[in-house]
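A.B. asks: Before anything else, here's the structure in question.
The values are calculated or read from the model by the stated rules, or taken from the named source; none is laboratory data. Small disclaimer: the values here were computed from a predicted structure and weren't measured. Positions of Cβ are backbone-derived with ideal geometry, glycine not excepted, and every protein chain shown enters the neighbour counts.
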Amino acid sequence: MAELPAVHVTTDAIGDLDVDALIVPVFRGAIEGPGTDVALRALQLADVPRDHDFRGKLGEVLHLAAPGQPWGRVTLVGLGRMDQLSSETLRRAAGSAIRSVLPRARTVATTLALVESSIEAVRAVAEGLLLGAYRYDDARSDADPIAVTDMTLVVPSSLVDGADTAVARARIHADAQCAARDIVSSPPNRRGPVEIADLAVEQLPDAIDVEVWDEDRLEEEGCGGLLAVARGSARPPRLVRLRYQPTDPVACVSLIGKGITFDTGGISLKRPSSIMESMKGDLGGAAVVFGVFTALAELGIPVEVRGELCLAENMPGADAQRPSDVIRMRNGMTVEVMNTDAEGRLVMADGLALAAEDDDVDAIVDVATLTGAAFRAIGKRASAIFANDDDLLRQLLSAADAAGEAAWHLPLWEDLRENLESDVADLDNLGRGDEAGATMAALFLREFVDGTPWAHLDIAGPFWQDEDRYHLPRHGTGVAVRTLLRWLEAADGSQR
Ligand code: BES
Ligand code: MN
Ligand code: ZN
């Protein structure tokens, strides 16, 4: 990944800022309001085209020349309606604005953090700028570095004390999210399970213990789900076991990520094949867990965190599993594989079972691009969340809210559990009946957590998008990294 620009904080007057572009927020329909008064001046001084149709819609931008000013130009960015202002609208406006000036500016300043006088607003603006400045260019031979090198936030003097810490946290969160994006967007021929395991060994900070289980070890340990899915591929599976251990941890949690490095569906081949392209991102859950582990030590998270990256490629090779095969999972349960495209729950089952074996673990959270049904139900922009524990559910929903990453609670209907029964094995991976697909997958996963408090984030909607949108780039978005980091930051031992 190209390195993200530096972020500075200042209380200097606008007129003293010598930058290529000054980003000024404007509420919808009103060129006035906190942090925006300077826009009035800018509009008078800058060269405003008479026929502009800028309305201040969220994320809308208008570039103005600024003759006689220290700024090369002024970029107005819409904040949307004033009564809908939130940290997330600031984050989004910052993302749109920075993307619009990226090709032309080297140095940028913004008054966005003046709109709402809070540390949370400073943090959101910094996150929006950093996340919006990202682009995936590892695979381009002609990639230039990101042009913007320095971004300056003008903050009210009342906030100057906390602002540096807020910006530092924003950077760590943004770097973590971008690490996840890089993995999701990278081409699947370049990174199978082995390469992702190598990445964990080479790139995670020293504070993280990394242990890799290869196919022989997985065989010895009875991880039948990972092995079964990988059989159709020339690439062997890997389980990457991560551990972050602070001194005197207040709790211990385990994060499990679905890491299907490409999902063709296997013998139950996906149709039409045009929907397959985004399946290079079917390791999105593992990428999120990876991203979280890049940040734990730097943030000083007081929680012991374990991680399991469940890595395999789902291909229809000559030795692929067949619909109706029966396999045995890590926890001893047998599963009849009725559809080889429901592979995520098979690899996750082993990771969940391993996490649940350890009595030290207070909570398990898994992240997976698990079902098309999840985004059909609630849309492409929100994660579906399931949980067997109300406290954990509440904590994660509030963390998601703080991160501006929409998450919506879906049910684990007990009545549907009987649809997981198989005629020949303990479980059927598809489930009889053709309803509540996201819930059926979650109910399947629940069989492997052995009663440990557990939550499941189905990110099949938001892990990927086709177009740039605010601070989220097209393709891998890294959504859910900041939710998990906010959750871990909020931990104070109350989970014990
Ligand atoms: N990786 C897919 C789910 C998915 C689909 C994620 C589209 C993101 C976008 C998963 O392995 C899958 O194929 N699920 C099936 C389950 C079905 C066979 C029960 C699905 O959702 O159709
Ligand atoms: Mn699948
Ligand atoms: Zn999949």
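A.B. asks: Can we say ASP282 is within 16 Å of ligand 1 (Cβ to nearest atom) and touching a residue at least 40 places away in the same chain (Cβ under 8 Å)? Even if it seems obvious, please write down each step before you answer.
C.D. replies: On the way: within 16 Å of ligand 1 (Cβ to nearest atom): yes; touching a residue at least 40 places away in the same chain (Cβ under 8 Å): yes.
When the stated conditions are applied, ASP282 passes them.
A.B. asks: Any residue at all in region 388-397 that's outside any loop (DSSP other than H, G, I, E, B), in contact with a helix residue (DSSP H, G or I) (Cβ under 6 Å, 6 or more places away or on another chain) and more than 21 Å from HIS173 (Cβ to Cβ)?
C.D. replies: No, every residue in region 388-397 fails to be outside any loop (DSSP other than H, G, I, E, B), in contact with a helix residue (DSSP H, G or I) (Cβ under 6 Å, 6 or more places away or on another chain) and more than 21 Å from HIS173 (Cβ to Cβ).
A.B. asks: So, restricting to strands (runs of 3 or more DSSP E) that lie completely within region 41-143, which ones have at least 1 residues that are farther than 18 Å from ALA170 by Cβ, more than 25 Å from the chain's Cα centre (by Cα) and modelled with pLDDT under 95? Can you show your working first?
C.D. replies: Values: elements: 61-65, 73-78, 107-110.
Result: 61-65, 73-78.
A.B. asks: Now for a different question. Are any residues in region 379-419 polar (S, T, N, Q) and more than 19 Å from the chain's Cα centre (by Cα), and if so, which ones?
C.D. replies: Within region 379-419, the subset polar (S, T, N, Q) is 383, 388, 395, 398, 419.
Matches in region 379-419: ASN388, ASN419.
A.B. asks: Restricting the first residue to region 470-492 and requiring it to be crowded, with 22+ Cβ neighbours inside 10 Å, which pairs with a second residue that is acidic (Asp, Glu) and outside any strand (DSSP E or B) meet a Cβ separation below 6 Å and a spacing of at least six or different chains?
C.D. replies: Pairs found: VAL479/GLU405; THR483/GLU405.
A.B. asks: Could you say which residue among GLU202, GLU219, GLU195 is surrounded by fewer than 19 Cβ atoms within 10 Å (Cβ to Cβ), more than 19 Å from ARG91 (Cα to Cα) and in contact with a Leu (Cβ under 8 Å, 6 or more places away or on another chain)? I'd like the intermediate steps shown before the answer.
C.D. replies: On the way: GLU202 fails: in contact with a Leu (Cβ under 8 Å, 6 or more places away or on another chain); GLU195 fails: in contact with a Leu (Cβ under 8 Å, 6 or more places away or on another chain).
Within the list GLU202, GLU219, GLU195, the selection yields GLU219.
A.B. asks: Ok, one more. Go through the residues of region 372-386 one by one and say whether even a single one is under 14 Å from HIS456 (Cα atoms), buried (at least 21 other Cβ atoms within 10 Å of the Cβ) and more than 16 Å from ligand 3 (Cβ to nearest atom). Walk me through it before giving the result.
C.D. replies: Of region 372-386, the ones under 14 Å from HIS456 (Cα atoms) are 374, 382-386.
Subsequent filtering for residues that are buried (at least 21 other Cβ atoms within 10 Å of the Cβ) retains 374, 383-386.
Of the ones still in play, those that are also more than 16 Å from ligand 3 (Cβ to nearest atom) are 385-386.
Scanning region 372-386, I find at least one residue that is under 14 Å from HIS456 (Cα atoms), buried (at least 21 other Cβ atoms within 10 Å of the Cβ) and more than 16 Å from ligand 3 (Cβ to nearest atom), so the answer is yes.
A.B. asks: Going by the conditions given, is ALA387 in contact (Cβ under 8 Å) with a residue 40 or more places away in the chain and within 16 Å of ligand 1 (Cβ to nearest atom)?
C.D. replies: Values: in contact (Cβ under 8 Å) with a residue 40 or more places away in the chain: yes; within 16 Å of ligand 1 (Cβ to nearest atom): no.
Considered against the rule, which asks whether it is in contact (Cβ under 8 Å) with a residue 40 or more places away in the chain and within 16 Å of ligand 1 (Cβ to nearest atom), ALA387 comes out as no.
A.B. asks: Checking the structure you have, find out if any residue of region 302-317 is part of a loop (DSSP other than H, G, I, E, B) and touching a Leu at 6+ places or on another chain (Cβ under 7 Å). Full working, then the answer.
C.D. replies: Taking region 302-317 first, the residues part of a loop (DSSP other than H, G, I, E, B) are 302-303, 315-317.
Filter once more, so that each one left must be touching a Leu at 6+ places or on another chain (Cβ under 7 Å): 303, 316.
Scanning region 302-317, I find at least one residue that is part of a loop (DSSP other than H, G, I, E, B) and touching a Leu at 6+ places or on another chain (Cβ under 7 Å), so the answer is yes.
A.B. asks: Among the candidates ALA234, ALA230, ALA297, which residue alone is closer than 30 Å to THR165 by Cβ, modelled with pLDDT of 95 or more and of a type outside the set (Phe, Trp, Tyr)?
C.D. replies: Values: ALA234 fails: closer than 30 Å to THR165 by Cβ; ALA230 fails: closer than 30 Å to THR165 by Cβ.
Going through ALA234, ALA230, ALA297 in turn, just one is closer than 30 Å to THR165 by Cβ, modelled with pLDDT of 95 or more and of a type outside the set (Phe, Trp, Tyr): ALA297.
A.B. asks: Now a separate question. Being of a type in the set (S, T, N, Q) and closer than 19 Å to ASP206 by Cα is the filter here, so list the residues in region 277-322 that pass it. Even if it seems obvious, please write down each step before you answer.
C.D. replies: Pass one, region 277-322, residues of a type in the set (S, T, N, Q): 278, 294, 314, 321.
Scanning region 277-322 gives a single hit, THR294.
A.B. asks: Suppose we filter PRO237, PRO272, PRO246 for residues that are more than 13 Å from ligand 3 (Cβ to nearest atom) and crowded, with 23+ Cβ neighbours inside 10 Å; which single one remains?
C.D. replies: Working: PRO272 fails: crowded, with 23+ Cβ neighbours inside 10 Å; PRO246 fails: crowded, with 23+ Cβ neighbours inside 10 Å.
Answer to the selection: PRO237.
A.B. asks: Give the residue, chosen from ASP434, ASP415, ASP389, that is assigned by TED's automatic domain parsing to the domain that holds ALA460, farther than 17 Å from GLY478 by Cα, acidic (Asp, Glu) and modelled with pLDDT under 95.
C.D. replies: Working: ASP415 fails: modelled with pLDDT under 95; ASP389 fails: modelled with pLDDT under 95.
Answer to the selection: ASP434.
A.B. asks: Test GLY225 against the criterion of being within 21 Å of ALA368 (Cα to Cα), away from ligand 1 (no atom under 16 Å from the Cβ) and in a helix (DSSP H, G or I), and give yes or no. Don't jump to the end; show me each part of the working.
C.D. replies: Values: within 21 Å of ALA368 (Cα to Cα): yes; away from ligand 1 (no atom under 16 Å from the Cβ): no; in a helix (DSSP H, G or I): yes.
For GLY225, the condition - within 21 Å of ALA368 (Cα to Cα), away from ligand 1 (no atom under 16 Å from the Cβ) and in a helix (DSSP H, G or I) - is not met.
A.B. asks: Then there's this: If you scan region 359-415, which residues turn out to be within 16 Å of ligand 2 (Cβ to nearest atom), closer than 30 Å to ALA93 by Cβ and polar (S, T, N, Q)?
C.D. replies: THR369
A.B. asks: Would you confirm, using the coordinates I've provided, whether ALA342 is assigned to a loop (DSSP other than H, G, I, E, B), of a type in the set (A, V, I, L, M, F, W, C) and within 16 Å of ligand 3 (Cβ to nearest atom)? Explain how you work it out, then say what you get.
C.D. replies: Working: assigned to a loop (DSSP other than H, G, I, E, B): yes; of a type in the set (A, V, I, L, M, F, W, C): yes; within 16 Å of ligand 3 (Cβ to nearest atom): yes.
Taking the combined requirement at face value, the residue satisfies it.
A.B. asks: Sort out which residues of region 256-290 are under 15 Å from the mean Cα position of the chain (by Cα) and either in a loop (DSSP other than H, G, I, E, B) or among the small types (Gly, Ala, Ser) (or both), and write them in order of number. Talk me through it step by step, then tell me what you get.
C.D. replies: Start the filter on region 256-290 by keeping residues that are under 15 Å from the mean Cα position of the chain (by Cα), which leaves 256-259, 281-290.
Scanning region 256-290 gives GLY257, GLY259, GLY281, ASP282, LEU283, GLY284, GLY285, ALA286, ALA287.
A.B. asks: Separate question: Tell me yes or no: at least one residue of region 325-345 is within 19 Å of ALA197 (Cβ to Cβ), within 15 Å of ligand 2 (Cβ to nearest atom) and either in the same structural domain as VAL212 (by TED's automatic domain parsing) or not acidic (Asp, Glu) (or both).
C.D. replies: Pass one, region 325-345, residues within 19 Å of ALA197 (Cβ to Cβ): 330, 343-344.
From what's left, within 15 Å of ligand 2 (Cβ to nearest atom): 343-344.
Then drop every residue that is not either in the same structural domain as VAL212 (by TED's automatic domain parsing) or not acidic (Asp, Glu) (or both), which leaves 343-344.
Among the residues of region 325-345, at least one is within 19 Å of ALA197 (Cβ to Cβ), within 15 Å of ligand 2 (Cβ to nearest atom) and either in the same structural domain as VAL212 (by TED's automatic domain parsing) or not acidic (Asp, Glu) (or both), which makes the answer yes.
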